[in-house]
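Participant: Take a look at this one; I'll ask things after.
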Amino acid sequence: MTLKHRQENGIDVVTLPQRLVMANAGDARAQLKEIIQSGSGRVVVNLAETSFMDSSGLAVVVAGLQTARKLDGDLYLAQMSDSIRALFELTRLHTVFQIFDDETAAVRAFG
Amino acid sequence: MQRVDIAFSTDPDDMAWHGLIETRLMLLARAAGFDELEIFGLQLALVEAVNNIIEHAYDLQPDQPVAISGECSATELLYQLRDHGRPMPLPLPSGEPAATDAAGGRGWQIIRASFPGVAYARHDGVNLLTLRRPLPAPD
């Protein structure tokens, strides 16, 4: 599994896979960390393709947020489905992340 | 009473068993009238329970047996997970929310959010985790 990644105006935009679960979370976590540390620390994670995520998947984005903030950056989330949003709300992680309906708005929010 | 049984062997790098939960075990939930968001929660809770078996009961060893049965009665949906791994430490986790900056510790919160009835027993070297959810009220 290789995370989709591109840069837009100095911001790393990463698209997570259709399933982000225990079996691929370690790999995804390492790739996301490398992307963030190689860039500016400003990251948008697009969840448009992610239909299923477990607590290991949540740990991937929490670790990404912590890596970004160590670089004085941030990690925004975009385009999550209703079910993924419900998971973030259940675990209260929606209070930790800035969440945007679309990727363009998330990129623009970095200013 | 409807019943579905699945069985598979562990492989920490594989997610094929997710398909069995989604296509076989969630048939019962759909037939019982749960909506899509509830089904997502039930499926996720079962995935978390199996993750616990793979990671903690079997220490990520491959080729270890897991069996799950599902039953739907007139009043509840019931799943029972069986494995031959290490016993679960007791008491079972309460499912209190993890700190928002914690890397892990959210699995039991997810399990208990979908299954208000949770019981664990061990008989003859077999762990048996029972998860119960009342059926939705008819419209």
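The numbers here are math on the coordinates, done by the rules we state, and not lab data. Because the structure is predicted, anything quoted here is derived from the model rather than measured. Neighbour counts are summed over all protein chains in view; Cβ atoms, including those assigned to glycine, are modelled from backbone coordinates with ideal geometry.
Participant: Kindly identify region B:2-134 as rounded, prolate or oblate by the Cα gyration tensor criterion: order the square roots of the eigenvalues as a ≥ b ≥ c, call it rounded if a/c is under 1.5, otherwise compare a/b with b/c, prolate if a/b is larger, else oblate.
Facilitator: The shape class here is rounded.
Participant: Given the rule -39500 (n - 2.57) for each run of at least 4 DSSP H residues, summed and divided by the residues of chain B, what is its mean residue ellipticity at 222 nm, to the nearest 500 deg cm²/dmol?
Facilitator: -7500 deg cm²/dmol
Participant: Sticking with this structure for a sec: Normalised by the number of residues in region A:58-107, what is the relative contact order in percent for Cα pairs under 8 Å and 6+ residues apart?
Facilitator: With pairs under 8 Å counted, the relative contact order is 37 percent.
Participant: I'd like the Karplus ³J(HN,Hα) series for region A:8-20: coefficients 6.51, -1.76, 1.60, θ = phi - 60°, whole numbers in Hz, and an x wherever there's a Gly or Pro.
Facilitator: Result, ordered by residue: 9, 6, x, 10, 7, 10, 10, 9, 7, x, 4, 10, 10 Hz.
Participant: With only alpha-carbon pairs counted, each pair once and no self-pairs, how large is the Kirkwood hydrodynamic radius of the protein assembly as shown in angstroms?
Facilitator: 19.0
Participant: Still on this structure, I have one more. Residue by residue through B:108-116, how many Cβ atoms from other chains fall within 10 Å of the Cβ on average?
Facilitator: Counting other chains' Cβ atoms within 10 Å and averaging over B:108-116 gives 2.
Participant: Which order do B:Ile39, B:Ile54, A:Ile36 fall in if you start with the one that has the fewest other Cβ atoms within 10 Å?
Facilitator: Ascending number of Cβ neighbours within 10 Å: B:Ile39, B:Ile54, A:Ile36.
Participant: Just from its helices, what would the mean residue ellipticity at 222 nm be for chain A, if runs of 4 or more DSSP H residues each count -39500 (n - 2.57) and the sum is divided by every residue, rounded to the nearest 500 deg cm²/dmol?
Facilitator: Mean residue ellipticity at 222 nm (helix-derived): -14000 deg cm²/dmol.
Participant: Run through the DSSP bridge list for the protein assembly as shown and note the antiparallel percent, rounded to the nearest 5.
Facilitator: Of the beta bridges lying entirely in the protein assembly as shown, close to 70 percent run antiparallel.
Participant: Per-residue HN-Hα couplings for region B:66-80, Karplus 6.51 cos²θ - 1.76 cosθ + 1.60 at θ = phi - 60°, whole Hz, x for Gly and Pro?
Facilitator: 10, 10, 10, 10, x, 9, 10, 9, 5, 10, 8, 9, 9, 10, 10
Participant: Starting from the amide H of A:Gln98, placed 1.01 Å from N in the peptide plane, find each other amide H under 5 Å away whose residue is 5 or more places distant or on another chain.
Facilitator: Amide H neighbours of A:Gln98: A:Leu77.
Participant: Now a separate question. From Cα pairs below 8 angstrom and at least 6 apart in sequence, can you work out the relative contact order of chain A, rounded to a whole percent?
Facilitator: About 26 percent, as a whole number.
Participant: Please list, in chain and number order, the residues 5+ apart from B:Gly85 or on another chain whose amide H is under 5 Å from its amide H, with Hs placed from the backbone.
Facilitator: B:Asn127
Participant: Roughly what would the spin-label model give for B:Ala121 and B:Ala103, points 7 Å off Cα along C-beta, in nm?
Facilitator: Going from the B:Ala121 label point to the B:Ala103 one covers 3.8 nm.
Participant: For peptide B:45-54, what's the mean number of Cβ atoms from other chains within 10 Å of each residue's Cβ?
Facilitator: That average works out to 3.
Participant: Determine the shape class of region B:71-138: with a ≥ b ≥ c the square roots of the Cα gyration tensor eigenvalues, call it rounded for a/c under 1.5, and otherwise prolate if a/b is greater than b/c, oblate otherwise.
Facilitator: oblate
Participant: Would you mind calculating the gained length between A:Gln98 and A:Asp27 on full extension (0.36 nm times residue separation, minus the Cα-Cα distance), in nm to one decimal?
Facilitator: So the extension gain works out to 23.2 nm.
Participant: Same structure, new question: Quote the relative contact order of chain B in percent (integer), defining contacts as alpha-carbon pairs under 8 Å separated by 6+ residues.
Facilitator: 28
Participant: Largest first and in whole Å, what are the equivalent-ellipsoid semi-axes of region A:4-109 based on the Cα gyration tensor, each being the root of 5 times an eigenvalue?
Facilitator: Rounded to whole Å, the semi-axes are 19, 15, 13.
Participant: In whole Hz, what ³J(HN,Hα) sequence does region A:46-54 give by Karplus (6.51, -1.76, 1.60; θ = phi - 60°), x for Gly and Pro?
Facilitator: 8, 10, 4, 8, 8, 9, 8, 8, 9
Participant: Which cross-chain or sequence-distant (5 or more) residues have an amide H under 5 Å from the amide H of A:Phe52, H modelled 1.01 Å from N in plane?
Facilitator: The answer is A:Leu20.
Participant: Please order B:Met1, A:Met1, A:Met22 by the number of other Cβ within 10 Å, starting at the fewest.
Facilitator: Exposure proxy ranking, most exposed first: B:Met1, A:Met1, A:Met22.
Participant: Please report the antiparallel percentage of DSSP beta bridges with both residues in region A:4-109, rounded to the nearest 5.
Facilitator: If I count the DSSP bridges inside region A:4-109, around 25 percent turn out antiparallel.
Participant: Here's something else I'd like to know. I need the shape label for region B:51-97. Rule: rounded when a/c is under 1.5, else prolate if a/b > b/c, else oblate, with a, b, c from the alpha carbon gyration tensor.
Facilitator: Judged from the Cα gyration tensor, region B:51-97 comes out oblate (a/c at least 1.5, b/c at or above a/b).
Participant: Another question about this same structure. Taking each residue in A:42-54, count the Cβ atoms of any other chain within 10 Å of its Cβ, then average. What number comes out?
Facilitator: If you average over the peptide's residues, the count of other-chain Cβ atoms is 2.
Participant: Next question. Sort B:Asp124, A:Asp82, B:Asp83, A:Asp27 so that the residue with the fewest other Cβ atoms within 10 Å of its own Cβ comes first and the one with the most comes last.
Facilitator: So the ranking, lowest neighbour count to highest, is B:Asp124, A:Asp82, A:Asp27, B:Asp83.
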